[in-house]
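*Asks:* Starting off with a structure, shown below.
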Amino acid sequence: MGSGTLPPNAYVTLEHEHLLVLRNGDEPRDFPPHDPDRYAAAYFWEERNRWFSDVWSDVRGRRQSLPAAHGDRERSAAYPIEIPYRLINMFSVRGDTVLDPFWGTGTTTLAAMAAARASVGYELDAGLVDGFDDRLHGIEEFTADVARDRLERHREFVRDTEASFDYDATHYDTPVKTKRERDIRLYRVRDIEREAKRYRTSHEPIEG
Ligand SMILES: C[S@@+](CC[C@H](N)C(=O)[O-])C[C@H]1O[C@@H](n2cnc3c(N)ncnc32)[C@H](O)[C@@H]1O
């Protein structure tokens, strides 16, 4: 800290990640009417209200240590998986391919797997890429937990709110607030096969 507890030497710490959302191509993106991949990728109404806010105060930083085996760096600079997971759900549909040009430890790919999207990345540090296999242990259960947590949080919201719900979800035993959420489908990784630096992932919808 040096004399950082005395004015005027203290400096402001950077406690926020800033996200820039840039788009190209047709705006809005064109979909066939009732495109099943788009409708399955719906989010719950209350998720929409939380996610499309300009400050996410419910996402906390994570410890950024790295096992020595994964390169020379002490810190991964990884972000919490909730950040790419939300963004992927907000701005892509089921089956899209997500590109992360600064892939690091592959958090974006884990999030894409949880959201049933394909992904591709570039990373300069080969040690980080080799470490990705370790992050895949238990991915089937992890992605099932992510999906079940969303469903459970939605059911809590239904229980705790006095608002009325005019629709029922098609695939889950729960009411939903809007017509466009009805076909929401949440997925888990069923199986994953590795071929060199490619992973072939199959998904299945969670029940409930
Ligand atoms: C902040 S880290 C990304 C961390 C990542 N989001 C995660 O969760 O692990 C940025 C990464 O970009 C990589 N990088 C920087 N310049 C690059 C380039 N020109 N091409 C590919 N990767 C690059 C760095 O090696 C570093 O791992």
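Coordinate-derived values only; no laboratory data. Keep in mind it's a predicted model, so treat the numbers as computed, not measured.
*Asks:* Rounded to the nearest 5, what % of DSSP beta bridges with both residues in the chain are antiparallel? Walk me through the numbers before you get to the answer.
*Replies:* Working: 11 of 15 bridges.
Among the beta bridges of the chain, antiparallel pairing accounts for roughly 75 percent.
*Asks:* Right, another one. Assuming 0.36 nm per residue, please report the length gained on full extension of the stretch residue 15 to residue 162 beyond their Cα-Cα distance. Walk me through the intermediate numbers first.
*Replies:* Numbers: separation 147, 0.36 × 147 = 52.92 nm, distance 3.51 nm.
Length gained between residue 15 and residue 162: 49.4 nm.
*Asks:* What does the stretch 1-124 give for Rg and for Dmax, in Å, if only its C-alpha atoms count?
*Replies:* Just the Cα atoms of the stretch 1-124 yield Rg and Dmax of 18.4, 63 Å.
*Asks:* In percent, how large is the relative contact order of the chain, given Cα pairs closer than 8 Å and 6 or more residues apart? Working shown, then result.
*Replies:* Numbers: 269 pairs, mean separation 37.9, N = 208.
So the answer I get is 18 percent.
*Asks:* Give the Rg (one decimal place) followed by the Dmax (whole number) of the stretch 63-116, computed from C-alpha coordinates and expressed in Å.
*Replies:* Cα only, the stretch 63-116: 12.4, 37 Å (Rg, Dmax).
*Asks:* Turning to a different aspect of this structure: Which one, 20, 136, 66, has the greatest fluctuation when you compute a Gaussian network model over the chain with C-alpha springs under 10 angstrom?
*Replies:* Highest fluctuation among the options: 20.
*Asks:* Moving on to the next point. Given only helices, namely DSSP H runs of n ≥ 4 each adding -39500 (n - 2.57), what is the per-residue ellipticity at 222 nm of the chain, to the nearest 500 deg cm²/dmol? Walk me through the numbers on the way to the answer.
*Replies:* On the way: 7 runs with 61 residues, N = 208.
Theoretical 222 nm ellipticity from helices: -8000 deg cm²/dmol.
*Asks:* Once phi is turned into θ = phi - 60°, what whole-Hz ³J(HN,Hα) does the Karplus curve with 6.51, -1.76 and 1.60 give for every residue of the stretch 14-21, x standing for Gly and Pro?
*Replies:* Once θ is set to phi - 60°, the couplings for the stretch 14-21 become 8, 9, 10, 8, 9, 10, 9, 9 Hz.
*Asks:* Can you list residues from other chains, or at least 5 along the same chain, whose modelled amide H is less than 5 Å from the amide H of residue 187?
*Replies:* 206
*Asks:* Could you grab the relative contact order for the stretch 64-134? Cα pairs under 8 Å, six or more apart, rounded to a whole percent. Kindly include the intermediate steps, with their values, before the conclusion.
*Replies:* Numbers: 105 pairs, mean separation 23.4, N = 71.
Result for the stretch 64-134 is 33 percent.
*Asks:* Next question. Helix 139-160 versus the longest principal axis of the chain: what is the Cα-based angle in degrees, 0 to 90, to the nearest 10?
*Replies:* In the chain, helix 139-160 runs at an angle near 60 degrees to the longest axis.
*Asks:* A further question follows. Using the reciprocal of the averaged 1/r over all distinct C-alpha pairs, how large is the Kirkwood radius of the stretch 163-203 in Å? The partial results should precede the final answer.
*Replies:* Values: mean 1/r = 0.0794 Å⁻¹.
About 12.6 Å for the stretch 163-203.
*Asks:* Follow-up question, since we're still on this one. In percent, what relative contact order does the stretch 104-208 have, based on Cα pairs under 8 Å that are 6 or more apart in sequence?
*Replies:* Values: 127 pairs, mean separation 26.1, N = 105.
Value for the stretch 104-208: 25 percent.
*Asks:* Next question, about the same structure. For residue 98, list long-range residues whose amide hydrogen, built 1.01 Å from N in the peptide plane, is under 5 Å from its own amide hydrogen.
*Replies:* Placed amide hydrogens put 118, 119, 120 under 5 Å from residue 98.
*Asks:* Related question: Working from Cα positions, state the angle (0 to 90°, nearest 10) between the long axis of helix 82-91 and the longest principal axis of the chain.
*Replies:* Relative to the chain, helix 82-91 is tipped by roughly 50 degrees.
*Asks:* Still on this structure, I have one more. Regarding the chain, what is the average projected area of its C-alpha convex hull, in nm²? Don't skip to the end; give the middle numbers.
*Replies:* Numbers: hull surface 63.9 nm².
Result: a mean projected hull area of 16.0 nm².
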